[in-house]
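Structure first, then comments.
The values are calculated or read from the model by the stated rules, or taken from the named source; none is laboratory data. Keep in mind that this is a model prediction, so the values were computed, not measured. FYI the Cβ positions are ideal-geometry reconstructions off the backbone, even for glycines, and counts take in every protein chain you see.
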Amino acid sequence: MDKKKMIKYGIIGGILLLFIFSIFGSYNTMVELDENSTTQWANVESSYQRRADLIPNLVNTVKGYAAHEKETLTEVMNARAKATSINIDASKLDAAAIQKFQAAQSGISGALGKLMMVSERYPDLKANQNFLELQAQLEGTENRINVERNKFNEIVGAFNKKIKKLPGKLYNMLFGFEERARFESKEGSDVAPTVEF
């Protein structure tokens, strides 16, 4: 074989190797980002579970002071039961699944808001150390939820960009990764509430 053919085959072989390494690299990055988003989804669920775990203690504390607020207490526990019954497969995080999850979690948020309003009517309850500690833990948990949701959105954003941009988009035709949905704010949350005295 002459030298020119060897150089020609060497160049073609080098290009093929670069192409193969590019495919492997893109695939590995897509898998890593996909797994990162699955892990972060578990962190989001864990934060919501922490909130759900605090609710029975909070309800029992309030029940001791505000037993006749049974309707509100029942509403909180029903919202908790509904929210904890929603299980979403992290590999199928589309907009509908996240919306369903958020709707259930919004039920808890609304019920907890009513419970906190009820507590305003009971000065002894507001001074109860257990209640104050649970309230502080809930506030901290709400902050954790927000942090975990934001991290999830960042990781999902990186994953979605990878599978949409070239050459990832071309390689993804082979691999079949699906775009993941992100958490979005509720409709109307961009409008500040009107406060009147």
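I want to confirm something. Restricting to the stretch 38-93 and keeping residues that are among the acidic types (Asp, Glu) and within 28 Å of residue 126 (Cβ to Cβ), which single residue is surrounded by the most Cβ atoms within 10 Å (Cβ to Cβ)?
Going residue by residue through the stretch 38-93, those that are among the acidic types (Asp, Glu) are 45, 53, 69, 71, 75, 89.
Filter again for within 28 Å of residue 126 (Cβ to Cβ), leaving 53, 69, 71, 75.
Details: 53: 13, 69: 19, 71: 10, 75: 17.
The selected residue is 69.
Within the bounds of the stretch 23-39, is there any residue that is touching a residue at least 12 places away in the same chain (Cβ under 8 Å), small (Gly, Ala, Ser) and in a helix (DSSP H, G or I)?
Yes: the stretch 23-39 contains one or more residues that are touching a residue at least 12 places away in the same chain (Cβ under 8 Å), small (Gly, Ala, Ser) and in a helix (DSSP H, G or I).
Can you go through 154, 142 and tell me which one is among the charged types (D, E, K, R) and in contact with a Ser or Thr (Cβ under 9 Å, 6 or more places away or on another chain)?
142
Quick check on this structure: which one of 112, 132 is surrounded by 14 or more Cβ atoms within 10 Å (Cβ to Cβ) and either at pLDDT 85 or above or touching a Phe, Trp or Tyr at 6+ places or on another chain (Cβ under 9 Å) (or both)?
That would be 112, the only listed residue that is surrounded by 14 or more Cβ atoms within 10 Å (Cβ to Cβ) and either at pLDDT 85 or above or touching a Phe, Trp or Tyr at 6+ places or on another chain (Cβ under 9 Å) (or both).
Which residue is farthest from the chain's Cα centre (by Cα), if the candidates are limited to the stretch 98-109 and must be buried (at least 17 other Cβ atoms within 10 Å of the Cβ) and aliphatic (A, V, I, L, M)?
Ranking the qualifying residues of the stretch 98-109, first place goes to 108.
Condition first: under 16 Å from residue 109 (Cβ atoms) and of a type in the set (Val, Ile, Thr). Now tell me which residues in the stretch 124-170 satisfy that.
141, 145
Residues of the stretch 79-105 being more than 30 Å from residue 160 (Cβ to Cβ) and either in contact with a Phe, Trp or Tyr (Cβ under 7 Å, 6 or more places away or on another chain) or in contact (Cβ under 8 Å) with a residue 24 or more places away in the chain (or both), which ones?
79, 80
Write out, first by first residue and then by second, each pair whose Cβ atoms fall under 7 Å of each other, whose residues are 6+ apart or on separate chains, and whose first residue, in the stretch 156-176, is in contact (Cβ under 8 Å) with a residue 24 or more places away in the chain and over 11 Å from residue 23 (Cβ atoms) while the second is hydrophobic (A, V, I, L, M, F, W, C) and not in a helix (DSSP H, G or I).
163/177
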